[in-house]
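Notes for the one structure printed next.
Computed from the coordinates by the stated procedures, all read-outs in this text should not be read as laboratory data. Note that this is a predicted model, so its numbers are computed, not measured. With ideal geometry, Cβ positions are generated from the backbone for all residues, glycine too; neighbour counts draw on all protein chains shown.
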Amino acid sequence: MTGGQRVGLLGGTFDPVHNAHVALARAALEELRLAEVRWIPAGQPWQKTTTRDVTPAVHRVAMVERAIAGEPHFALDRIEVDRDGPTFTFDTVRGLQTTHPTTQWFLIIGADQYATLHTWHDWRELLALVTLAVANRPGAAPPVDAAVLRHPHRAVPLPMLDISSTDIRTRVAAGQDISKLVPAPVASYIDSQGLYRGMNKRSNRS
């Protein structure tokens with residue numbers, strides 16, 4: 001991939017966005033010498049809507065907005081929440097390439113996403129459109145599919161942060177403190193909107 005501005009794509013359900021997401025975006029920005037990291041909240045994340053109730057996009061977008069406020073090289077992109085139907089990263093990148101044909105796209109993913117990349121919709125075609133950038137976490141499970149493992153990627157060094165959205169939702173439901181796990185404005189938003197309180201068992205499974 002040559003020429004054009006270097007832009008990172010950080011997609012996710014962000015339910016909620018947390019400090020490990022922010023750390024990964026900052027590390028990728030520096031390690032890959034990116035002009036910008038675009039945060040892309042999923043509209044209808046097809047791999048999650050069958051296992052739990054995903055928080056409405058309006059809240060997840062609002063939390064990302066608060067998490068990245070004041071970061072000049074971070075930007076929110078609503079391309080997926082404004083699109084009808086299930087969310088597929090391949091469709092998103094293909095659309096971005098159409099409108100920004102000279103941009104170099106770096107797909108930033110966590111180690112857990114890397115391990116299951118072979119389950120993504122049109123993942124082979126997706127990898128032909130982007131440079132893959134993977135959070136380098138010691139002890140993380142490698143990809144299950146050998147073809148994914150053979151595909152070249154950039155490693156993004158990431159400090160060990162044992163944080164997950166699942167744990168945060170569980171903590172909120174139990175009335176526990178999450179101030180060290182999410183940016184302060186996100187914690188305030190979760191509290192003011194009453195998010196994740198009284199979750200049923202189905203909504204707490206992933």
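Worth a mention:
- Across segment 65-78, coupling constants 3J(HN,Hα) worked out from phi with the 6.51/-1.76/1.60 Karplus curve, θ = phi - 60°, read 3, 6, 5, 9, 4, x, 9, x, 9, 10, 9, 8, 10, 8 Hz, and Gly and Pro carry x.
- Residues whose amide H falls under 5 Å from that of Gln104, counting only those 5 or more places apart or on a different chain, are Gln5, Arg6, Val7, with hydrogens built in the peptide plane.
- Residue-averaged 222 nm ellipticity for the chain, from DSSP H runs of 4+ at -39500 (n - 2.57), nearest 500: -9500 deg cm²/dmol
- For segment 26-104, a/c is not less than 1.5, where a ≥ b ≥ c are the root eigenvalues of the C-alpha gyration tensor, and a/b does not top b/c. That puts it in the oblate class.
- Remark: relative contact order (segment 1-105) = 39 percent; criterion is Cα-Cα distance under 8 angstrom and separation of 6 or more residues.
- Of all beta bridges that DSSP places with both ends in segment 6-161, some 0 percent have antiparallel geometry.
- Under the Karplus curve 6.51 cos²θ - 1.76 cosθ + 1.60, θ = phi - 60°, whole-Hz ³J(HN,Hα) for segment 18-26, x wherever Gly or Pro sits: 9, 5, 5, 4, 5, 4, 5, 4, 5
- Amide hydrogen neighbours beyond the local backbone of Gly11, cut-off 5 Å, H modeled: Ile40, Ile108
- Pro157 sits among other residues whose Cβ lies under 13 Å from its own Cβ, and their net charge, with Lys and Arg +1 and Asp and Glu -1, is +1.
- Rg/Rh, computed from the Cα trace of segment 58-103 with Rh as the Kirkwood radius, has the value 1.02.
- Extension reserve of the Asp177-Asp84 stretch, reckoned as 0.36 nm per residue once the Cα distance is removed: 29.9 nm
- Residue-wise HN-Hα couplings along segment 91-104, as the Karplus relation 6.51 cos²θ - 1.76 cosθ + 1.60 with θ = phi - 60° gives them from phi, are 5, 4, 5, 4, x, 5, 5, 5, 8, 9, x, 9, 6, 8 Hz; Gly and Pro carry x.
- Cut-off under 5 Å, modelled amide H: who pairs with Arg154 long-range: Leu132, Ala133, Val134
- Taking the convex hull of Cα positions in the chain, its mean projected area over all directions (nm²): 11.2 nm²
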